[in-house]
Structure formats: structure tokens, C-alpha cells
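Quick notes on the structure that follows.
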Amino acid sequence: MLATLVFAALLANHRQKQILQKEKDGIENAIRELRKFDSIPASPATPGQLEMPLPRINQPNRPVPIKPHATNTFFNA
């Protein structure tokens, strides 16, 4: 009975590793596909190691002043 439990645990562990490897491969394939369409440079990391691409630098967040419309009678009154 103990051998059955150990075998079941090892089988579940092996199955979980297979699922995680399949997910990792899917993510790496998706990143490769995205690099074809975007200008994300390939990372110098070793193959199989995932890295986040650098974020694109945008203008700093500045508040945009809200100007009332000329025909808005609430602000023109």
C-alpha cells in the first residue's frame, strides 16, 4: 500500500513537471512570435531564461487642463 502511495505521488509530481514545462515552452514561443512583429531586441540571456523587455519611455504624466467648451452655458454664465 505504501508503494502505491509513493508511486502515485511520483507520478503526480512528474505530471506537474510536464505541465509546467509545456507552459514555459508556450510562453517562450509566444515571446519569439512577438519579437517577429515588434522591435523588442533579443535578450543576451542564456536560452530558456526569460527576461522582461525594457519598458518604452514615454512623456512624464502631466495633468491635462480641462477647457470648457465655448457653447457650454454652465461655464460661460
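A short reminder: the numbers here are calculations on the coordinates, not readings from a lab. In this text the structure is predicted, and so the values were computed from the model without any measurement. A quick note on method: Cβ atoms are made from the backbone with ideal geometry, for glycine too, and the neighbour counts reach across all protein chains shown.
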Original post:
What order, most packed first, do the peptides 3-16, 23-36 have when packing is the mean number of other Cβ atoms within 10 Å of each residue?
Top reply: 23-36, 3-16
**OP:** Would you mind computing, in nm to one decimal, how far apart the modelled labels at K22 and F37 are, each placed 7 Å from Cα along Cα→Cβ?
**Re:** 2.5 nm
